[in-house]
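Right, one structure below, let's go through it.
Where a number appears in this text, it was derived from the coordinates with a stated rule and is not lab data. The structure displayed is predicted, hence computed values, not measured ones. All Cβ positions, glycine included, derive from the backbone under ideal geometry; neighbour counts span all protein chains shown.
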There are 2 protein chains.
Amino acid sequence: MEDFRIALLGLGNVGTAVAELLASTQDACLARAGRRVVVDRIVVRDLTRPRAIPENLPGKKQMGTDPLEAVHDPEIDAIVELVGGENHPRTWIRESLESGKEVITANKAVLAVHGEELFNLAHEKQRGLYYEASVAAAVPVLQVMQQGIPAGPVDRLFGILNGTCNFILDQLEMHSFEEALKNAQEAGLAEADPTLDITGMDSAHKLILLARILLGHTVPVDELRVEGIENIDPLDISFGWSQDLKLKLVGILERNGRGTCMGVMPCFIPAQHRLANVRNEDNAILLEADPFGSLVLQGKGAGGKPTAGSVVADILRAARGDSSSTPPAGKETVILDPGMRPARHYLRLEVPDRPGVLARVAGALASEEVGIAALEQSENLSEVHDSVPVQILTHPVQTPQLDRALGQLDEDLRNISSPVRIRIEE
Amino acid sequence: MEDFRIALLGLGNVGTAVAELLASTQDACLARAGRRVVVDRIVVRDLTRPRAIPENLPGKKQMGTDPLEAVHDPEIDAIVELVGGENHPRTWIRESLESGKEVITANKAVLAVHGEELFNLAHEKQRGLYYEASVAAAVPVLQVMQQGIPAGPVDRLFGILNGTCNFILDQLEMHSFEEALKNAQEAGLAEADPTLDITGMDSAHKLILLARILLGHTVPVDELRVEGIENIDPLDISFGWSQDLKLKLVGILERNGRGTCMGVMPCFIPAQHRLANVRNEDNAILLEADPFGSLVLQGKGAGGKPTAGSVVADILRAARGDSSSTPPAGKETVILDPGMRPARHYLRLEVPDRPGVLARVAGALASEEVGIAALEQSENLSEVHDSVPVQILTHPVQTPQLDRALGQLDEDLRNISSPVRIRIEE
């Protein structure tokens, strides 16, 4: 069978690891794909930078700086897009599909935003658009959802989708948020600007890609409740320990009779929960459906090598002709706020160390019928601050109920710091 | 596209669940496979038994008792073998492949014994032989190993592969072995004759199928160390609790420079281990390799519906033409005893309540240079027995060292009950 000729766009961490893996596993790749995978073009931004391309990597390895040259090269069978960003990759992917090429990408942003256009085009052109590496790096969750489980509705998805946040939350057992973030950056897990990760937006993009397979359409990110971990404090983690709860940033998708609850937020989960022991930069996805009960997939959610592993698996599927099946858009479902399902909540406020303050907090909660199950106000041992933390465990309420109650607190209560409010998913 | 015409051989728990799932998810199946799946033939042993075949199941649903009629029907595209056993299924699968049909089976025994012949034939005839449901029921571990992870060596596989045993070991926290087994039978998880499960032989068959993908050849079961859970006692489980260890029946495959360690045995694993919290009839497989680090897949390992889920996923892959890739046999690897890797061991003996006994046990261990890290002999509170349990934790030794030491114990020590010896996999 003829060689499968690919062009690598981008030779950063992931691209370099892809080249190394293709070179070091040539025989195994040939056995799996039934044909040789050769890298005929490599597109980089700066040709003068020294590159460590393995000598034994098969193919012409022609270096260039113009992705469109590769996209329009009729000798190339597949484009492997590892550049990132939204607009340029959208063009490259579109033109590659239009010129009859297979596309493999690790770029969640372009698919979360322009996915509908690109999936439809792939379907129309009968080409594969492979994107396993864009969600949960090494975990082959897309393939399992597309082929490994039976067809038919998945009732619930619960996922730890951001390795950086999971790493930081683990670190908070021993460190402040600032130290934890710094450790994540030093471990090469967090960007210099970690905003996308810690605001939950990266998890939301991944949840949207997972939901695309389960729901058949792309949910706009602004329809989702997306909350991050910016305000989480070691105090919150240790409260969890005392209650046998673990704090995780989770993406939730849950169908009910009226629509699909979907969103991203930090949640406490019981210490016996299947995802409670997901540590460091691991990702994990729990799927639940009647025919198979529950299924958990867990593995590395970040890093050049784990991501490259999924890219190479996709390249081999493309070479073999096993198409991924992301169907064109179906009818849209109603998206609901997962916060509407009643749940116990944990609440932490910094309040002034003055008489009457607790009564005002309790009053605000009472006015929205939020029941208090437990409350702890610590003693003020600081000589500097005149505020104390109050930690509250509520009876089951809807998240918006609690938000309205917090909104009623007057300014001198709210101005010390934003209250932290975390759902407990049992 | 033309309908995909299948014949169901067998309409027990799994077959009935397959029919129900195909009927209830028709639209989703059509969307995934790109064509309709129709059940044109159903082969059962006894036509007079009442059957609950869904009315809306698409296809002719022609009932018969002769599997070969279906196998030789040129209108049938795929045979779904759900009968079990070795010899008959071997013939049906072989003749189906020879007549150009795809084959889907949930039958691990036939593949563990006759796999080489059948995989080679499938390869030669360019037909798919799908068997996801035969290992870890609902967990799509074969597909992940064949397509989801990059090609190239997997360094280590560690798996809980038998749901019945896992259920029984869980139950031993509160019940005797006899009660635990009875509960498993009442839950529909253990056969009336549970020998295959509790001796570890069922896990060994599954490990052989997993190894077939990783090693490229079928390892004969008699080359493996296979130990079961027949002699495990609640005493052993509670010893584990005291040391923060959980007892699991595991299949191990681990490559080293000299060959592949492979076997099935009950092991203690640390309570923080990724597989320590696998409960009830769940199965879980941990894969480790350089490119992706580690990957865990966990889900239901037994039951009609979970098994049917994987059968239906395989039917849809076959209908879609996504071939499973189990290559023909490659060169054989050397199989080593996993017990040769030094490890701490736990040991429980029933010894006569007489002076000098402990000295003889200690002497036997010393003669094989087995170091004792901890030892506990309980007081004899029974008025009936004149024996007492001795529980020992050793320093790291090879399992055969320990077996030789135990072999040296004279008859009056050995005759009370077989010593229980469990490796601790850190």
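Note the angle between two axes, namely the Cα long axis of helix A:357-367 and the longest principal axis of the Cα atoms of chain A, as a number of degrees from 0 to 90, rounded to the nearest 10.
So the helix axis and the longest Cα principal axis differ by about 70 degrees.
How big is the shadow of the Cα convex hull of the protein assembly as shown, averaged over all directions, in nm²?
In nm², the orientation-averaged hull projection of the protein assembly as shown is 41.6.
Determine ³J(HN,Hα), in whole Hz, for all residues of region A:420-426 in sequence, where each value follows from phi through the Karplus function 6.51 cos²θ - 1.76 cosθ + 1.60 and θ = phi - 60°; x replaces Gly and Pro.
9, 9, 10, 6, 10, 8, 6
Mind checking region B:338-389 for GluC sites (Glu not before Pro) that DSSP puts in a loop (not H, G, I, E or B) and that have at most 13 other Cβ atoms within 10 Å?
Here the sparse-neighbourhood loop sites are B:Glu369, B:Glu379, B:Glu383.
Would you look at the GNM of chain A, springs on alpha carbons closer than 10 Å, and say which of A:Arg354, A:Arg36, A:Arg320 moves the most?
A:Arg354
Nm distances between the label at A:Pro400 and the same-position labels in the remaining copies, 7 Å along Cα→Cβ, shortest first?
Nearest to farthest, the other copies are at 7.0 nm.
Exceeding 32 Å between C-alpha atoms, which entries from my cross-link table qualify? They are A:Lys300/B:Lys182; A:Lys246/B:Lys182; B:Lys60/B:Lys108; A:Lys125/B:Lys331; B:Lys101/B:Lys206.
A:Lys300/B:Lys182; A:Lys246/B:Lys182; A:Lys125/B:Lys331
If I take the Cα coordinates of region B:4-130 and project them onto the principal axes, what are the three extents in Å, biggest first?
Sorted largest first, the three principal extents are 38, 35, 24 Å.
Quick one: which residues, 5 or more positions from A:Ala106 or on another chain, have an amide H under 5 Å from its amide H? H modelled 1.01 Å from N in the peptide plane, none for Pro or chain starts.
It is A:Glu81, by chain and number.
Run the quick spin-label model on A:Thr195 and B:His72: label points 7 Å from Cα toward the beta carbon, then report their separation in nm to one decimal.
Roughly 7.3 nm, to one decimal.
Measuring nothing but label to label, 7 Å from Cα along Cα→Cβ, what are B:Leu47's distances to the other copies in nm, shortest first?
Output for B:Leu47: 7.7 nm, nearest copy listed first.
Could you tell me how many degrees, from 0 to 90 and to the nearest 10, lie between the Cα long axis of helix B:108-125 and the main elongation axis, the longest principal axis, of the Cα atoms of chain B?
With rounding to tens, the tilt is 40 degrees.
What does the charge count around B:Leu129 come to, taking other residues whose C-beta lies under 15 Å from its C-beta (Lys +1, Arg +1, Asp -1, Glu -1)?
With Lys, Arg at +1 and Asp, Glu at -1, the neighbours total -3.
Of B:Val71, B:Val334, how do they rank once you tally other Cβ atoms within 10 Å and put the fewest first?
B:Val334, B:Val71
Could you run the Karplus curve 6.51 cos²θ - 1.76 cosθ + 1.60 with θ = phi - 60° over region A:5-10 and give me ³J(HN,Hα) per residue in whole Hz, x for Gly and Pro?
9, 10, 10, 8, 9, x
Roughly how many nanometres apart are two label points built 7 Å out from the Cα toward the Cβ at B:Asn120 and A:Gln243?
Going from the B:Asn120 label point to the A:Gln243 one covers 6.3 nm.
Just flag the GluC sites (Glu not before Pro) in region A:86-149 sitting in loop per DSSP whose Cβ has no more than 14 other Cβ atoms within 10 Å.
A:Glu86
Go through region B:180-190 residue by residue and turn each phi into a ³J(HN,Hα) via Karplus (6.51, -1.76, 1.60, θ = phi - 60°); whole Hz please, and just put x for glycine and proline.
Working through the residues one at a time gives 4, 5, 4, 4, 5, 5, 5, 7, x, 9, 10 Hz.
Rounded to the nearest 5, what % of the DSSP beta bridges within the protein assembly as shown are antiparallel ones?
Percentage antiparallel, nearest 5: 65.
Of B:Ile392, B:Leu181, B:Ile335, which is farthest on the positive side of the dipole of chain B, counting Cα position, with +1 on Lys and Arg Cβ, -1 on Asp and Glu Cβ, and the Cα centre as origin?
Positive-end residue among those listed: B:Ile335.
Residues in region B:23-39 near a label at B:Glu55, defined as backbone nitrogen under 19 Å from the 7 Å Cα→Cβ point?
B:23-27, B:39
Consider the operator that turns chain A into chain B: which A residue has a Cβ nearest its axis, and what is that gap in Å?
Minimum Cβ distance to the axis, with residue: A:Asp322, 2.
Averaged across B:24-33, how many Cβ atoms of other chains sit within 10 Å of each residue's Cβ atom?
What the average comes to for B:24-33 is 4.
Over all alpha-carbon pairs in region B:39-90, figure out the percentage whose distance exceeds 16 Å.
44
How much FRET efficiency would the formula 1/(1 + (r/R0)^6) give for A:Lys331 and B:Leu375, where r is the Cβ-Cβ distance and R0 is 56 Å, rounded to 0.05?
That pair, A:Lys331 with B:Leu375, gives E of 0.25.
Kindly give the semi-axes, whole Å and largest first, of the ellipsoid equivalent to chain A, taking each as the square root of 5 times a Cα gyration tensor eigenvalue.
Ellipsoid half-lengths, sorted descending, are 45, 23, 18 Å.
Between A:Asp314, A:Asp222, A:Asp353, find the one with the highest GNM mean-square fluctuation for chain A; connect C-alpha pairs within less than 10 Å.
Highest fluctuation among the options: A:Asp222.
Taking chain A as a Gaussian network, Cα atoms linked when under 10 Å apart, which of A:Thr218, A:Thr48, A:Thr260 shows the biggest mean-square fluctuation?
So, out of A:Thr218, A:Thr48, A:Thr260, the one fluctuating most is A:Thr48.
Can you give the Kirkwood hydrodynamic radius for region A:342-424, in Å, rounded to one decimal and based on Cα pairs?
The Cα-based Kirkwood calculation yields 12.8 Å.
For A:Asp353 and B:Ala28, what does the FRET efficiency come to when R0 = 56 Å and r is the distance between their Cβ atoms, rounded to the nearest 0.05?
Plugging the Cβ-Cβ distance into 1/(1 + (r/R0)^6) gives 0.45.
Roughly how many debye, to the nearest 20, is the charge dipole of region B:137-198 about its Cα centre, given +1 on each Lys and Arg Cβ, -1 on each Asp and Glu Cβ, and no other charges?
Around 360 debye, computed over region B:137-198.
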